[in-house]
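Presented below is the structure to which this report refers.
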Amino acid sequence: MKAYSLKEATKKLEGYCAYQERCHKEVVNKLREMRMIPEAIDQIVVHLIENDYLNEERFAKSFARGKFTIKKWGRKRIRLELKQRSISRFNIKTALQEINQTAYLDTFDALADKRLSQITEKNRLKRRKKLADYLLYRGWESELVYAKIKELVP
């Protein structure tokens, strides 16, 4: 394991943060992997924040947009994943506001329709359960899911 000087570690983490948005937790874990002492970790994190390499609000917004657009996750799953990354309640709320409500509902409808067409199960109740499990796992709100199932699989 290579030992890093403060300057080397700072440069390495600048690149790490410039490559893609990171949260504080990811950066601290990376520095721990590099075997940096707590004082050095604090110093590097402060440097990254002051030089705008590390911005938790920007990370949360980017994360929410990306997971919604690319992975088609619902708000519940995005909120949970951000909480696991120790993002503040305020930043989570701000990030979720990035998702346009119309786009959110359109994506949900399209996802439900697509998934239903892939379910080959003949039994009506099992079809409903499979669709519900899929949508709930992706973090869509239960009231949306159950209303959609009533509509698609009467």
(request) Considering each residue of segment 93-142, count those that are crowded, with 18+ Cβ neighbours inside 10 Å, closer than 17 Å to K71 by Cα and of a type in the set (D, E, K, R), and give that number. (result) 1
(message) Any residue at all in segment 62-76 that's within 9 Å of the chain's Cα centre (by Cα) and of a type in the set (S, T, N, Q)?
(response) yes
(message) Going through H24, H47 one at a time, which residue ends up being within 21 Å of S86 (Cα to Cα) and touching a residue at least 60 places away in the same chain (Cβ under 8 Å)?
(response) H24
(request) Report those helices (runs of 4 or more DSSP H) wholly inside segment 1-104 carrying at least 2 residues which are within 30 Å of E143 (Cβ to Cβ). (result) 56-69, 75-84, 89-96
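Just one of F68, F90 is surrounded by fewer than 16 Cβ atoms within 10 Å (Cβ to Cβ), over 21 Å from A18 (Cβ atoms) and of a type in the set (F, W, Y); which is it?
Values: F68 fails: surrounded by fewer than 16 Cβ atoms within 10 Å (Cβ to Cβ).
Testing whether each residue is surrounded by fewer than 16 Cβ atoms within 10 Å (Cβ to Cβ), over 21 Å from A18 (Cβ atoms) and of a type in the set (F, W, Y) leaves just F90.
Just so you know, all these numbers are worked out from the coordinates, no wet-lab data involved. Computed from a predicted model, the values in this text were never measured in an experiment. FYI the Cβ positions are ideal-geometry reconstructions off the backbone, even for glycines, and counts take in every protein chain you see.
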